[in-house]
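Coordinate-derived values only; no laboratory data. What you see is a predicted model; the values in this text were computed from it and never measured. We place every Cβ from the backbone using ideal geometry, glycine too, and count neighbours over all the protein chains shown.
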């Protein structure tokens, strides 16, 4: 039976332990000083799920901790072991054990911003991730074409092309290519209207075909008002069994990403050559934004079959080949004037 005396003794012991802990903590902090000597700034990476001894070892080997025991004591006495955040930390100036502990508890990690522009393709994204030192380009591309990854993400094509939503992303190391892909595909699923697949079926298309059309639209024009018109041209050409004859598909197929298409390219056989092949290419050629996706599902009610650049970012649309040829000649004349 607990008596008042027993409870009093337990309270005294509890207070004594708290006082002792605070005294020990104060003693550690009193002698806690930042590392000395030349300091060039440190970067340390704390992996997910690292136990306290591993975290202490990482910080010590990274040259961050002058007093590892003080850091360990801080964690134990504040019961913050499970509160230490994983990620990459920068220490531009020598930290004390307290400062290092505070950063890991607050999660003051380095955040990497990645901006995927509408129309960027897998190769563009892979190059961007490598520049940010988040993933090797070839490793990211391999993951984006992995059947296991694609099956898990519910992507029907041969790669994740078309399903990586253009947006601003924030990543924290360590992050794997698979996690980056999953994050971008999840954003795609969030942004695309929930009835998109149903609407694609009502138009006699698979959703993958709609994404493919949207990816071509995104590469053909950056003018939002033109996107539904380009969509209409693609739909009409498909309905009439005419070759699409879209340069961006050819460029994608021959792996030329400088925006220049040559006569040789147009004559090179391949699944993405829409001059030689009728119908859509086997999959998307870029990652379209919402405007292009909406245009792919809602083409304008026009009878245009052709379009050509005006050399200012916009296009001239034509119903007949004769009209188109005149527009092409105007384009060539404008180019010659600009070069002259």
Full-stretch length increase - residue 136, residue 45 - with 0.36 nm per residue and alpha-carbon distance subtracted: 31.0 nm
14 Å reach of a label modelled at residue 179, 7 Å along Cα-to-Cβ, counting backbone N of the stretch 74-112: 85-89, 109-112
Residue 203 paired with residue 245, simple spin-label distance in nm, labels 7 Å along Cα-to-beta-carbon: 2.3
17 Å cut-off, amide nitrogen to a point 7 angstrom out along residue 124 Cα→Cβ, residues in the stretch 279-311: 284-294
Segment residue 276-residue 69, length gained on full extension (0.36 nm per residue, minus Cα span): 67.5 nm
Semi-axis lengths (Å, descending) of the ellipsoid that matches the C-alpha gyration tensor of the chain: 60, 23, 16
Efficiency of FRET between residue 314 and residue 290 - r from beta-carbon atoms, R0 25 angstrom, step 0.05: 0.75
Separation between Cα centres of the stretch 91-123 and the stretch 204-242, rounded to whole Å: 40
Spin-label pair residue 267/residue 112, simplified geometry with 7 Å Cα→Cβ offset, distance in nm: 4.4
Taking N as its residue count, the alpha carbon Rg of the stretch 54-211 over 2.2 N^0.38 Å: 1.38
The stretch 217-340: C-alpha pair distances exceeding 23 Å, %: 31
Residues 115, 221, sorted so that the one with the fewest Cβ neighbours within 10 Å comes first: 115, 221
